[in-house]
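The values are calculated or read from the model by the stated rules, or taken from the named source; none is laboratory data. From a predicted model like this one, the values you see are computed outputs, not experimental measurements. No Cβ is skipped: glycine too gets one built from the backbone with ideal geometry, and neighbour counts run over all protein chains shown. With ligands, DNA and RNA removed, areas are computed over all heavy atoms of the protein, side chains included. Shrake-Rupley method; radii C 1.70, N 1.55, O 1.52, S 1.80 Å.
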Amino acid sequence: MGDKRPILVATDLSPRSDRAVDRASLLAKAWSVPLFVSHIMEVESRLAGKPEMAAAAVRDVLPDPDSQAKILVAKGSAPETIIRQAVENDCQLIIAGVARFNHLGDFFIGTAVERIIRESAQPVLIVKQRPRTNYRSVLATTDFSTCSRHALLTAANMFPDAEIHLVHAFHVPFEGLLSVKENLEAVQTEANSELDVFLSDLAIPPAVRQRLKTHLTYGETANVVQQVADDVGADLLVSGTHGRSGFSKAVFGSMAESLLRCARIDTMVVREPT
């Protein structure tokens, strides 16, 4: 891990945000970097207007009572304030938790966190599982775009000791009109060719290329990602998004948003620089 810039984690002091704080503490220790813990006081909160009490409450949720983490307490718009704090403190990563499960078992990310993902230049890590160890198996999605390559390289740098699995889901276009059996081989050959071009790009260092295990799999993207994640025991999913339009469906895609909500493992969204 070559980047020694700090990490920022956001907490609303609810039990569900403990996992994000625990993961941030684990990463800060592993990377030997400063940790900032941010709490934005809401108007209706019992701590509103009581920053000293709020700071004490935030420190109480830290897994290590002797932690050197710096507590940031503020009022205002949570997304705007958290992003500003990350920029002001030159943080390399923002960490947040999910709000809750919905009745379908998907993760409800929450409007504030969605806005952070949409507007933050820093990668945003959404913690869903209770952390037990450092990340050991990273699954990066690719559509062979530059933003997916940037996400891959970011993950490789952040987690130098983890396995890296690169997954691409392909399918026969217009399956309702074309025979899957007759066209599958041609589509797979084309996908293999695109993967070779993607991996041969000089922007991907040989050391990263050697760490990769590729998965070129036929099927619907969300299903393929879930299956490969289960097969390889991935504990972190990484996906890229375009810098100019952020998390908008027009660019990032409803499928990527679906992955963020449905993936059972922690998910990091990496925005491509403009």
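Among the listed pairs Lys29/Lys50; Lys4/Lys29; Lys29/Lys75; Lys4/Lys128; Lys50/Lys70, those with a Cα-Cα distance over 21 Å are Lys29/Lys50; Lys29/Lys75; Lys4/Lys128.
Remark on Ser38: its backbone amide H falls under 5 Å from those of Val9, Ala10, Thr11, Leu72, a criterion applied only to residues 5 or more positions apart or on other chains, H modelled at 1.01 Å from N. For Glu272, the residues 5 or more places off, or on other chains, whose built amide H falls under 5 Å of its own are Thr241, His242, Gly243. Using the average count of surrounding beta-carbon atoms within 10 Å as a protection proxy, the listed peptides 161-171, 205-215 rank, highest first, as 161-171, 205-215. Val197 sits with roughly 100 Å² accessible to a 1.4 Å probe, with DNA, RNA and ligands left out of the calculation. For Leu93, the residues whose amide H sits under 5 Å from its own are Leu8, ignoring neighbours fewer than 5 places away on the same chain, with H placed 1.01 Å from N.
Under a 1.4 Å probe, what is the accessible area of region 110-159 per residue, stated in Å²?
Details: 1870 Å² over 50 residues.
Counting only protein heavy atoms, the per-residue value for region 110-159 is 37 Å².
Using the Karplus relation 6.51 cos²θ - 1.76 cosθ + 1.60 with θ = phi - 60°, the per-residue 3J(HN,Hα) values for region 151-166 come to 5, 4, 5, 4, 5, 4, 6, 5, 10, x, 9, 8, 5, 10, 10, 10 Hz, with x marking Gly and Pro.
Backbone geometry of region 54-66 corresponds, through the Karplus equation with coefficients 6.51, -1.76 and 1.60 at θ = phi - 60°, to 3J(HN,Hα) couplings of 5, 4, 5, 5, 5, 5, 5, 8, 6, x, 10, x, 9 Hz, x marking Gly and Pro.
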